[in-house]
Amino acid sequence: MRQALYFEEIGNQEVQCHLCPHNCTLGLNKRGNCRVRKNIDGKLISENFGLCSSIQFDPIEKKPLYHFYPGSHILSIGSIGCNLNCNFCQNCEISQTSVDQYLTGHYYEPEDVVSKAREYPENLGIAFTYNEPTVYFEYMIEIARQSKDLGMKNVMVSNGFINQDPLHEVLPYIDGFNIDLKAFTDSFYKNITNGNLEPVKETLRAISKAGKHLEITNLLIPSQNDELDEFTGMVAWIRDELGSDTVLHLSRYFPAYKSNIQKTSLGLLFNFCETARQYLSYVYLGNVTGSESQNTICSGCGKIVISRYGYFIQKNGIDPNGNCSHCNNKIVIS
Ligand code: SF4
Ligand code: SF4
């Protein structure tokens with residue numbers, strides 16, 4: 001446990017949290033929507049500080065990040081809690097729980113996490129992932145500062161639902177982001193995730209403006225966000241606001257948590273992938289094993305420059321300068 005950042009005392013022993021756009025007001029002994037920040041004795045406490053639900057070395061492609069040090073490994077950690085409540089959550093065991101209910105985690109001090117990251121000489125750095133890192137903000141930023149001082153790279157895999165002040169505090173310490181853009185209507189966010197669209201768009205703009213590596217994931221859910229006009233509006237917005245080189249991972253949905261809608265058909269996924277490619281240079285399919293849509297194609301000559309089969313990566317088509325070895329076109333890779 002640790003006293004939280006970004007809260008104010010508002011009288012009568014109540015506090016207001018300003019970490020994310022919910023801006024929860026919490027009476028004594030109450031928790032916020034994320035279930036991991038609690039008003040104890042009139043102060044806001046981050047209850048999940050140091051609590052790891054998972055800590056392991058993963059391929060960077062698993063985040064997913066396809067244009068950020070492809071083929072590398074990164075120490076990936078997660079805690080518990082989330083500030084959204086998506087009814088299709090695939091990580092609900094860790095995202096929709098509290099420290100009272102979750103009894104199988106282990107505690108690591110920030111310096112223990114950083115030491116572990118250094119155990120493996122080829123390790124790229126530390127990825128904050130699995131549950132929503134915003135809700136373990138204090139833990140994340142302390143680890144990220146230490147690892148950055150040692151020259152490691154940091155990655156944040158997030159739903160993007162964070163207020164601008166904390167985002168700007170953490171931005172200097174994070175090198176690569178994968179942000180979920182779950183749909184392009186506020187009604188989807190309100191009804192299915194308990195969030196709002198606009199703060200996520202603001203997060204994407206801020207990351208892009210800061211010049212950080214940014215990839216986006218969109219989970220395509222039949223009957224929920226599969227209107228072609230809405231999707232086209234979304235990819236056009238990404239192109240216009242963030243740039244046509246922004247990497248998009250279009251992911252296949254499977255039933256999970258409270259959602260029993262049938263899985264996304266491959267036909268729908270491929271159709272949307274083709275549409276996205278009319279706007280963006282790098283579009284990949286997620287949750288589809290063995291698909292050619294996981295290869296990186298040169299936008300100049302159309303040849304494969306990085307081939308992927310699962311987490312087996314070959315970068316045969318890129319020269320040491322980061323250009324396509326067939327036509328010399330620049331491939332946008334960090
Ligand atoms: S981080 Fe948690 S407590 Fe704070 S505003 Fe968001 S949901 Fe509420
Ligand atoms: S944002 Fe991610 S972790 Fe949180 S509830 Fe939604 S799907 Fe689950």
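The values are calculated or read from the model by the stated rules, or taken from the named source; none is laboratory data. Just so you know, these numbers come straight off a predicted model, no measurement behind them. Here Cβ is always computed from backbone atoms with ideal geometry, including for glycine, and neighbour counts include all displayed protein chains. Side chains are part of the model used for accessible areas, which takes the heavy atoms of the whole protein and leaves out ligands, DNA and RNA. Shrake-Rupley method; radii C 1.70, N 1.55, O 1.52, S 1.80 Å.
Here the label points at Y120 and N12, each 7 Å from Cα along the C-beta direction, are separated by 5.1 nm in the simple model. A 1.4 Å probe run over the chain, with the rest of the protein chains in place, finds 42 Å² accessible per residue. The Cβ shell under 12 Å around I143 holds other residues with a net charge of -3, Lys and Arg each +1, Asp and Glu each -1. Taking the average, over residues, of other Cβ atoms within 10 Å as the packing measure, peptides 258-265, 270-277, 224-231 rank 270-277, 224-231, 258-265 from highest down. In this rough spin-label picture, where each label sits 7 Å from Cα along the Cβ direction, the R205-M1 distance is 3.9 nm.
DSSP loop GluC sites (Glu not before Pro) in region 99-173 with at most 11 other Cβ atoms within 10 Å of their Cβ, which ones?
Here the GluC sites (Glu not before Pro) that fit, given the DSSP loop and packing criteria, are E119, E122.
A simple charge model with +1 on the Cβ of Lys and Arg, -1 on the Cβ of Asp and Glu and nothing else charged puts the dipole of region 2-46 at about 280 debye relative to its Cα centre.
For Q90 and D112, FRET efficiency with R0 = 35 Å and r from the beta-carbon atoms, rounded to 0.05? Rounded to the nearest 0.05, the efficiency is 0.80. Using the alpha-carbon positions of the chain, Rg (one decimal) and Dmax (whole number) come out as 19.9, 68 Å. Comparing Q13, C34, N23 along the charge dipole axis of region 2-46, the residue lying farthest to the positive side is C34, per the Cβ-charge model. Rounded to the nearest 20 debye, the dipole size of the chain about its Cα centre is 500 debye, using +1 on the Cβ of Lys and Arg and -1 on the Cβ of Asp and Glu. Distant-in-sequence amide contacts of V305, defined by a placed amide H-H separation under 5 Å and a gap of 5 or more residues or a different chain, comprise T296, I297, C298. Pairs of Cα atoms nearer than 8 Å and 6+ residues apart set the relative contact order; for the chain it is 13 percent. Other residues whose C-beta falls under 12 angstrom from the C-beta of E241 contribute a net charge of +2, scoring Lys and Arg +1 and Asp and Glu -1.
Near N163, the amide H atoms lying under 5 Å from its own belong to C20; only residues 5 or more places off or on other chains count, and H is placed 1.01 Å from N.
Label region 85-221 by shape, choosing from rounded, prolate and oblate, from the square roots a ≥ b ≥ c of the eigenvalues of the Cα gyration tensor; if a/c is under 1.5 it is rounded, and otherwise prolate applies when a/b is larger than b/c, oblate when it is not. The shape class here is oblate. Annotation for Q101 and L268: the two label points, set 7 Å from Cα along the Cα-Cβ direction, are 2.8 nm apart.
Sorted largest first, the spans of the alpha carbon positions of region 2-46 along the three principal axes are 23, 17, 16 Å.
For the chain, give the share of DSSP beta bridges that are antiparallel, in percent and rounded to the nearest 5; count only bridges with both residues there.
In the chain, DSSP labels about 55 percent of beta bridges as antiparallel.
Carbon and sulfur: what percent of the chain's accessible surface (1.4 Å probe)? About 45 percent, which is the carbon plus sulfur part of the accessible surface.
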